[in-house]
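Novice: Here you go, one structure.
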Amino acid sequence: MKVLFVNGCIRSTQSRTLAIADHFLAQLKKRRPDAEVSVADLDALGLRPLTTLTLATRDARIAAQTWDDPMFAEARRFAQADVIVIAAPFWEGTFPAALHTYIEHICVTGLTFRYGDRGEAIGLCRARRAVFINTKGGIYAHGPAQQADLAAQFLRVNLAMLGVPQLDTVTAEGLDIDGMDVPALLRRAKEDADALAATF
């Protein structure tokens with residue numbers, strides 16, 4: 001089982017999101033010894049948003065279907081994974097820009113998706129399941145801030161376009177509210193991660 005871990009935790013070892021993700025991956029490997037984890041470390045990759053020049057270059061290579069070009073390396077790796085695990089904190093309604101840029105790089109017409117006769121997107125990726133691990137400083141699961149949380153929905157729409165129909169989430173929220181028992185919240189998220197890992 002090829003697992004692709006998309007690490008969008010740009011606080012590195014200080015990241016609470018990464019701690020939950022590492023726990024989930026450890027539990028997954030314990031339950032599935034055949035799991036081979038490949039890491040797309042977005043901080044290390046340093047992907048840049050597409051520009052007029054890079055988009056023109058990419059369009060030309062898409063037209064020529066030169067899929068072995070290094071420009072498509074991350075898209076190829078994503079397309080070949082059996083399970084996708086994405087970890088990123090909640091920022092400005094979704095997540096850090098590095099993850100947005102990564103998604104821009106993996107959405108490649110003809111490689112990770114194509115359009116059908118009626119104009120609908122048809123995913124070409126192997127994975128049928130993804131996990132989104134996320135932490136939030138405030139409370140977004142209910143109450144007036146609920147509509148401000150677009151992170152999982154954004155991922156769900158894009159993953160479905162790529163052919164990944166299922167997105168499970170593990171979330172710890174309220175971590176920056178004064179008086180909250182943060183260690184307990186993180187423990188609860190790790191327990192949720194344990195339960196989710198058991199379903200693979």
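Novice: Give segment 38-56 a look and list any residue that's without any contact (Cβ under 8 Å) to a residue 40 or more places away in the chain and either over 16 Å from Ile133 (Cα atoms) or among the charged types (D, E, K, R) (or both), or say none.
Specialist: Of the residues in segment 38-56, the ones without any contact (Cβ under 8 Å) to a residue 40 or more places away in the chain are 39, 41, 44, 46, 51-56.
Asp41, Ala44, Gly46, Thr51, Thr52, Leu53, Thr54, Leu55, Ala56 - these are the residues of segment 38-56 that are without any contact (Cβ under 8 Å) to a residue 40 or more places away in the chain and either over 16 Å from Ile133 (Cα atoms) or among the charged types (D, E, K, R) (or both).
Novice: Related question: Could you go through segment 175-194 and let me know if any residue there is under 16 Å from Ile84 (Cβ atoms) and surrounded by 13 or more Cβ atoms within 10 Å (Cβ to Cβ). Steps first, answer last, please.
Specialist: In the first step, residues of segment 175-194 are kept if they are under 16 Å from Ile84 (Cβ atoms); the result is 193.
Keeping just the survivors that are surrounded by 13 or more Cβ atoms within 10 Å (Cβ to Cβ) gives 193.
Yes, segment 175-194 contains at least one residue that is under 16 Å from Ile84 (Cβ atoms) and surrounded by 13 or more Cβ atoms within 10 Å (Cβ to Cβ).
Novice: Same structure again: Sort out which residues of segment 1-36 are assigned to a strand (DSSP E or B) and free of Cβ contacts under 8 Å to residues at least 40 places away in the same chain, and write them in order of number.
Specialist: Going residue by residue through segment 1-36, those that are assigned to a strand (DSSP E or B) are 2-7, 36.
Within segment 1-36, Glu36 is the sole residue that qualifies.
Novice: Here is a follow-up. Taking Phe72 and the conditions (1) under 28 Å from Arg11 (Cα atoms); (2) in a loop (DSSP other than H, G, I, E, B); (3) free of Cβ contacts under 8 Å to residues at least 60 places away in the same chain; (4) not hydroxyl-bearing (Ser, Thr, Tyr), which numbered condition does it fall short on, given that it satisfies the others?
Specialist: With respect to (1) under 28 Å from Arg11 (Cα atoms); (2) in a loop (DSSP other than H, G, I, E, B); (3) free of Cβ contacts under 8 Å to residues at least 60 places away in the same chain; (4) not hydroxyl-bearing (Ser, Thr, Tyr), Phe72 is out only on (2).
Novice: Go through segment 82-200 and tell me which strands (runs of 3 or more DSSP E), entirely inside it, have 1 or more residues that are of a type in the set (Gly, Ala, Ser) and under 30 Å from Gln65 (Cβ atoms). Full working, then the answer.
Specialist: Values: elements: 83-87, 113-115, 121-123, 129-135, 166-172.
The strands (runs of 3 or more DSSP E) meeting that bar are 121-123, 129-135.
Novice: Within segment 67-90, identify whether any single residue is of a type outside the set (Gly, Ala, Ser), over 23 Å from Leu124 (Cα atoms) and surrounded by 13 or more Cβ atoms within 10 Å (Cβ to Cβ), and answer yes or no. Reasoning before the result, please.
Specialist: Taking segment 67-90 as the starting set, the residues that turn out to be of a type outside the set (Gly, Ala, Ser) are 67-72, 74, 76-78, 80, 82-86, 89-90.
From what is left, the residues that are over 23 Å from Leu124 (Cα atoms) are 89-90.
Filter once more, so that each one left must be surrounded by 13 or more Cβ atoms within 10 Å (Cβ to Cβ): 89-90.
Yes, some residue in segment 67-90 is of a type outside the set (Gly, Ala, Ser), over 23 Å from Leu124 (Cα atoms) and surrounded by 13 or more Cβ atoms within 10 Å (Cβ to Cβ).
Novice: A further question on this structure: Quickly run through segment 84-112 and pick out the residues that are touching a strand residue (DSSP E or B) at 6+ places or on another chain (Cβ under 6 Å) and under 19 Å from Lys2 (Cβ atoms).
Specialist: Hits for segment 84-112 are Ile84, Val85, Ile86, Ala87.
Novice: Any residue at all in segment 127-148 that is out of contact with any Phe, Trp or Tyr (no Cβ under 9 Å at 6 or more places or on another chain), surrounded by 14 or more Cβ atoms within 10 Å (Cβ to Cβ) and charged (D, E, K, R)?
Specialist: No, that holds for no residue.
Here, each number is a calculation from the coordinates, and none is a lab measurement. On a predicted model such as this, the values are computed, not experimentally measured, just so you know. Please note: Cβ atoms are built from the backbone with ideal geometry, for glycine as well, and neighbour counts cover all protein chains shown.
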